[in-house]
Amino acid sequence: MDRIRIVGGNPLNGTIPISGAKNAALPLMIASLLTDRTVTLENLPRLADVSLLVRILSHHGVDYSIDGRRQGEEQDAGQTVHMTAREIVDTVAPYELVSRMRASFWVVAPLLARCGEARVSLPGGCAIGTRPVDLLLMAMERLGASIEIDAGYVVAKAPKGLRGAEINFPKVTVGGTHVALMAAALAQGTTVLHNAAREPEVLDLTDLLVKMGAKIRGAGQSTIEIDGVARLGGAKHRVLPDRIEAGTYAMAAAMTGGDVFLQGARAEHLQAALDILIQTGTQIDASDEGLRIRRDGGAILPVDVATAPFPGFPTDLQAQFMALMTRANGVSRITETIFENRFMHVQELARFGARIKLDGDSAIVEGRRVLKGAPVMATDLRASVSLVIAALAAEGESMVQRVYHLDRGFEALERKLGRCGADIERLSSGG
Ligand code: EPZ
């Protein structure tokens, strides 16, 4: 199993190109199941989750082709992938595939909408809480599907097609909104989603669906109306930049000090996190090209944070912010309101000498100026990268184990950080 070795203490200086967003790429790829025409996605990141979803979608009948590198194109430029689901050959999504990536459960919506039935294994995914799918199932039932659970599989049926309906989400759910949008796009009549998620990735999916011929009003708002159409066509779409990757490198630069340009990052996708970073004493300049993040040798100021659905502070940056706060010159409280068990990084951060106490849904972080390198274990995707950030700022050597979590969501992590002066290398199994 690969490990990442980091010798901390170097400030980060340079440019980091931000990749296409994993959490937009996944639903965009799944939307290709809605049509027999070709959906072309540009700027698709090279990530383990993307490759796994390619396998899952191929299983249902999606043909793929990937463009080669073009003249003058950077080695790290995102990929252009053409996907065509001319015919759905299998409406069953088996446990072996779905258990490895939670988002693949979302195939239930296009399979049901297009074929009138789907049998999809209940999902697995990161160990960050119980993560039920009741709201996704509620949305499909509202649209007229019958839902049964059989031997660990969700069996959804709508032999006469889905019908538009009012769907009230009692809680904001990104996956629930993706599923409802995809299913409603091919339902008969009008669907209204109340309390829909407003994450930029939801807006990206809406943009693609509209290009495919869907009739959607209120995209990016919490009430969305969809007039179903009989069929959707092909489209070409560019995956939006990854705001969580950008926020992660912003936290890294804030922690190590230095001057980093996050090429392609968009401030409007990250405003809550940028506002907090400014309060910690980090300088931020936003432009159309990206974000410049600077911190000189001054102290990191402690700031309290609570995660919230967009436009609030993202849960996917909570662990990284906690790493930053371990070096603040005072006490901060970090409250997790989205997932009940997303504090797996606390015990690993403690190995660097961080002082963190858990208090219900909050972590109380007593900042101290010096962290010491240590062997640590990655637990989930964002927790893992918080350990990388802490290691970059810690004195001496750290070894991050189980880095396959990082490969799920961070493209070329060592190369991007290494180019900015970090002492970081991947040791493969034998190394
Ligand atoms: C998406 O997960 C992201 N995943 C997560 O990123 C992200 O943390 C999360 O949204 C919140 O922003 C992808 O986009 C692939 P939710 P999702 O449904 O859609 C509860 C990462 O590291 N809930 O918005 O699964 C749920 O338990 C990942 O990239 C129900 O109760 O999240 C949670 O408390 C991790 N019933 C809250 O809603 C349901 O049926 C929000 O979850 C569905 C969700």
Fill in: Over the chain, relative contact order from alpha-carbon pairs under 8 Å, at least 6 apart, %
21
Item to complete: For the chain, count the residues as N, evaluate 2.2 N^0.38 Å, and divide the Cα radius of gyration by that value, please.
Response: 0.98
Response to the item:
Karplus ³J(HN,Hα) for the stretch 293-305 (6.51 cos²θ - 1.76 cosθ + 1.60, θ = phi - 60°; Hz, whole; x = Gly/Pro) runs 10, 9, 9, 8, x, x, 5, 8, 8, x, 9, 7, 9
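Using the per-residue mean of other Cβ atoms lying within 10 Å as a proxy for protection, in what order, highest first, do the peptides 192-199, 382-389, 168-175 fall?
Numbers: 192-199: 20.5, 382-389: 28.2, 168-175: 16.9.
The packing order, highest mean first, is 382-389, 192-199, 168-175.
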Worksheet item: Long-range amide H contacts for residue 313: which residues qualify at under 5 Å (H placed 1.01 Å from N, peptide plane, sequence gap of 5 or more or a different chain)?
Response: 308
Practice prompt. Scan around residue 427 for amide H atoms under 5 Å from its own, H built in the peptide plane at 1.01 Å from N, and keep only partners 5 or more places away or cross-chain.
Written response: 3, 4, 5
Worksheet item: In whole Hz, what ³J(HN,Hα) sequence does the stretch 133-140 give by Karplus (6.51, -1.76, 1.60; θ = phi - 60°), x for Gly and Pro?
Response: 10, 4, 6, 5, 5, 4, 4, 6
Response to the item:
Using alpha-carbon positions, the gyration tensor of the stretch 247-345 gives root eigenvalues a ≥ b ≥ c; with a/c under 1.5 called rounded, otherwise prolate if a/b exceeds b/c, else oblate, the class is oblate
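Report for the chain the percent antiparallel among DSSP-assigned beta bridges with both residues inside it, nearest 5. If you can, show how the numbers build up before the last one.
Working: 57 of 80 bridges.
DSSP beta bridges in the chain are roughly 70 percent antiparallel.
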Response to the item:
Note to self: C-alpha centroids of the stretch 97-113 and the stretch 23-50 sit apart, in Å, by 13
Worksheet, complete the sentence: hull vol. (C-alpha, convex hull) per residue for the stretch 22-238, Å³ -> 112
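Could you give the accessible area per residue of the chain, probe 1.4 Å, as a whole number in Å²? Can you show the working numbers first?
Details: 16720 Å² over 431 residues.
Counting only protein heavy atoms, the per-residue value for the chain is 39 Å².
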Discussion item. So, taking all protein chains as they sit and a 1.4 Å probe, how much accessible area belongs to residue 361, in Å² rounded to tens?
Written reply: 80
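With an 8 Å cut-off on Cα pairs and a minimum separation of 6 or more residues, tell me the relative contact order of the stretch 50-139 in percent. Could the numbers behind the result be given before it?
Details: 108 pairs, mean separation 22.6, N = 90.
It comes to 25 percent, rounded to a whole number.
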Practice prompt. Compute the signed sum of charges (Lys and Arg +1, Asp and Glu -1) over the other residues within less than 11 Å, Cβ to Cβ, of residue 299.
Written response: +2
Item to complete: Compute the relative contact order of the stretch 22-238 as a whole-number percentage, counting only Cα pairs closer than 8 Å that sit 6 or more residues apart in sequence.
Response: 21
Discussion item. Could you derive backbone 3J(HN,Hα) for the stretch 263-272 from the dihedral phi with the Karplus parameters 6.51, -1.76 and 1.60 (θ = phi - 60°), listing whole Hz in sequence and x where the residue is Gly or Pro?
Written reply: 6, x, 5, 10, 4, 5, 8, 9, 4, 4
Worksheet item: Cβ under 15 Å from residue 192's Cβ, residue 192 left aside: what net charge do those residues give with Lys, Arg +1 and Asp, Glu -1?
Response: +1
Practice prompt. Sequence neighbours fewer than 8 away in the same chain don't count; with that in mind, list the aspartates and glutamates whose C-alpha is under 12 Å from residue 157.
Written response: 117, 141, 148
Response to the item:
Expressed as a percent, the accessible surface of the chain that is carbon or sulfur, using a 1.4 Å probe and the full set of protein chains, is 47
Fill in: Ellipticity estimate at 222 nm from DSSP helix runs (n ≥ 4, -39,500 (n - 2.57)) divided over the chain, nearest 500
-8500 deg cm²/dmol
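With the cut-off at 25 Å, tell me which of the pairs 171/357; 171/416; 372/416; 171/211 have Cα atoms farther apart than that. It would help to have the intermediate numbers written out before the result.
Numbers: 171/357 28 Å; 171/416 36 Å; 372/416 23 Å; 171/211 28 Å.
Checking Cα-Cα distances, 171/357; 171/416; 171/211 exceed 25 Å.
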Item to complete: Amide H neighbours of residue 395 under 5 Å, at least 5 residues apart or on other chains, H built in the peptide plane: list them.
Response: 371, 372, 373
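The values are calculated or read from the model by the stated rules, or taken from the named source; none is laboratory data. No experiment lies behind these values; they were computed from the predicted model shown. So basically every Cβ, Gly included, is an ideal-geometry build from the backbone, and we count neighbours across all protein chains shown. Just so you know, the surface numbers come from the protein's heavy atoms only, side chains and all, with ligands and any DNA or RNA stripped out. Shrake-Rupley method; radii C 1.70, N 1.55, O 1.52, S 1.80 Å.
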